[in-house]
Amino acid sequence: MMRLVRTVCLGLAVAAATLFGMSLLPHDRYVRWQAMRTEAYARLGWIYERIHFDPTPIDIAFVGTSHTMNGVDAAEVSRRVSLATGHCVNAVNLAVPEYGRSLHWIIARELLKNRPVKVLVLEVVENESRKPHPLFPYVADLHDVLTAPIFINVGYVHDLVRIPFRQLSLGFKSLFPGQFGLKAGFDARNYDGSNVDNTRIVNVGGVAITPLRDRVYPRDRLERAAQDAARQKSLHMLGAKLDAYEYRAPRYYVDQIVAEAARRGVKVVFLYLPGYGKPAGPIDDSLYRGRGPIVSANDVLAQPSYWFDPAHLNMFGAAALTARLGQDFGALYPRLAGKDSDKPLACPAMPGRTPHQL
């Protein structure tokens with residue numbers, strides 16, 4: 001019996017040592033950001049390229065979900081704000097599908113630590129999500145996963161157990177990136193450009209991965225979906241008095257983003273961009289209040305003809321929202337950014353590919 005126990009303990013020790021060793025395997029960070037190839041998640045590779053390899057300035061950066069990715073044409077925002085201010089202002093859309101403040105923190109930190117930025121625009125919906133972003137364990141540094149909030153974090157164990165196999169996979173991909181369809185190094189000829197518009201189609205690598213977003217979602221289904229969502233929403237699973245604990249993880253990451261921006265002298269703006277039929281503002285704005293302006297375009301979001309589905313604007317809604325944001329940031333930007341540099345009004349952009357199906 002004791003021999004069996006010793007054998008089992010030895011096996012467990014070997015397994016633990018193997019997993020620990022796998023977790024320490026090195027890899028290329030550029031490969032890590034490229035490695036997620038699933039549909040629009042592959043935008044992460046372009047985000048890394050835009051931050052690290054494209055010298056085009058980043059004055060206004062949007063970080064958020066597919067609400068922002070599909071709803072904001074950053075190139076048009078750049079044009080409108082530049083015209084309003086008389087200076088070259090470059091906006092960029094760094095949004096990735098799905099909600100999760102953990103990934104927003106990873107993207108915002110990568111940006112703020114590597115590029116001078118004047119305004120960081122962080123998407124807000126009607127209430128924070130308790131869940132971390134599903135891509136967090138695939139993109140975050142090992143330290144980020146280990147030091148993530150544990151109480152209450154419904155994704156901590158889920159994220160942690162993925163690390164050994166992630167490291168092993170990324171190690172192989174770093175050795176042979178071409179075999180996995182990844183880039184060993186940056187090549188401007190194989191780059192999507194300084195701005196990528198996903199409001200008309202969603203595209204990756206110059207190829208459209210969705211049809212034209214010109215569909216208008218039926219109004220009756222839109223209203224019904226909004227009513228169903230309101231009935232099913234559960235804001236206080238632990239009771240309202242324990243919100244600080246229930247939403248500790250998203251609050252932690254928003255705090256990190258705001259603190260890092262403050263250290264870099266970057267102003268934060270909160271963009272309220274919920275789905276159709278949501279409240280006029282965040283249900284609890286205590287996390288944002290006093291930390292920066294909250295920008296909204298509720299009259300645009302209230303138009304049923306502007307929706308592709310209950311959560312996302314169609315191309316017509318995106319055009320209307322973009323025009324509004326160009327107007328709003330044209331007025332806000334001088335106050336937030338201070339005196340801009342004497343860059344010429346014409347904003348040169350790094351050439352890139354256009355989607356083949358446009």
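Table: residues versus (1) part of a loop (DSSP other than H, G, I, E, B); (2) closer than 20 Å to residue 25 by Cα.
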{"site": "144", "(1), (2)": "no, yes"}
{"site": "165", "(1), (2)": "no, yes"}
{"site": "171", "(1), (2)": "no, yes"}
{"site": "174", "(1), (2)": "no, yes"}
{"site": "182", "(1), (2)": "yes, yes"}
{"site": "192", "(1), (2)": "yes, no"}
{"site": "210", "(1), (2)": "yes, no"}
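Can you tell me which of 64, 45 is among the small types (Gly, Ala, Ser) and touching a Phe, Trp or Tyr at 6+ places or on another chain (Cβ under 7 Å)? Give the derivation first.
Numbers: 64 fails: touching a Phe, Trp or Tyr at 6+ places or on another chain (Cβ under 7 Å).
Sole residue among the options that is among the small types (Gly, Ala, Ser) and touching a Phe, Trp or Tyr at 6+ places or on another chain (Cβ under 7 Å): 45.
Out of the residues in the range 119-172 meeting the condition of being hydroxyl-bearing (Ser, Thr, Tyr) and under 30 Å from residue 289 (Cα atoms), tell me which one is nearest to the chain's Cα centre (by Cα).
Kept after step one, since they are hydroxyl-bearing (Ser, Thr, Tyr), are these residues of the range 119-172: 129, 138, 147, 156, 169.
With the extra rule that they be under 30 Å from residue 289 (Cα atoms), the set shrinks to 129, 147, 156.
Numbers: 129: 14, 147: 20, 156: 19 Å.
Result: 129.
Does residue 304 meet the test of being at pLDDT below 95, surrounded by fewer than 20 Cβ atoms within 10 Å (Cβ to Cβ) and more than 15 Å from residue 62 (Cβ to Cβ)?
So residue 304 does not fit the description; no.
So that you can scan it fast, the table gives a plain yes or no per residue for (1) in a helix (DSSP H, G or I); (2) among the β-branched types (Val, Ile, Thr):
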{"position": "105", "(1), (2)": "yes, no"}
{"position": "108", "(1), (2)": "yes, no"}
{"position": "117", "(1), (2)": "no, yes"}
{"position": "121", "(1), (2)": "no, yes"}
{"position": "132", "(1), (2)": "no, no"}
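Suppose we filter 207, 216 for residues that are aliphatic (A, V, I, L, M), at pLDDT 95 or above and touching a Pro at 6+ places or on another chain (Cβ under 9 Å); which single one remains? I'd like the intermediate steps shown before the answer.
On the way: 207 fails: at pLDDT 95 or above.
Unique residue meeting the criteria: 216.
Inspect the range 257-272 for any residue being in contact (Cβ under 8 Å) with a residue 60 or more places away in the chain, aliphatic (A, V, I, L, M) and surrounded by fewer than 19 Cβ atoms within 10 Å (Cβ to Cβ) and give the result as yes or no.
No, because not a single residue in the range 257-272 is in contact (Cβ under 8 Å) with a residue 60 or more places away in the chain, aliphatic (A, V, I, L, M) and surrounded by fewer than 19 Cβ atoms within 10 Å (Cβ to Cβ).
Within the range 299-315, take every residue that is touching a Lys or Arg at 6+ places or on another chain (Cβ under 9 Å) and part of a helix (DSSP H, G or I) and give me the one that is nearest to residue 251 (Cα to Cα).
Checked the range 299-315; the qualifying residue nearest to residue 251 (Cα to Cα) is 301.
The values are calculated or read from the model by the stated rules, or taken from the named source; none is laboratory data. Quantities reported herein were computed from a predicted structural model and do not represent experimental measurements. A quick note on method: Cβ atoms are made from the backbone with ideal geometry, for glycine too, and the neighbour counts reach across all protein chains shown.
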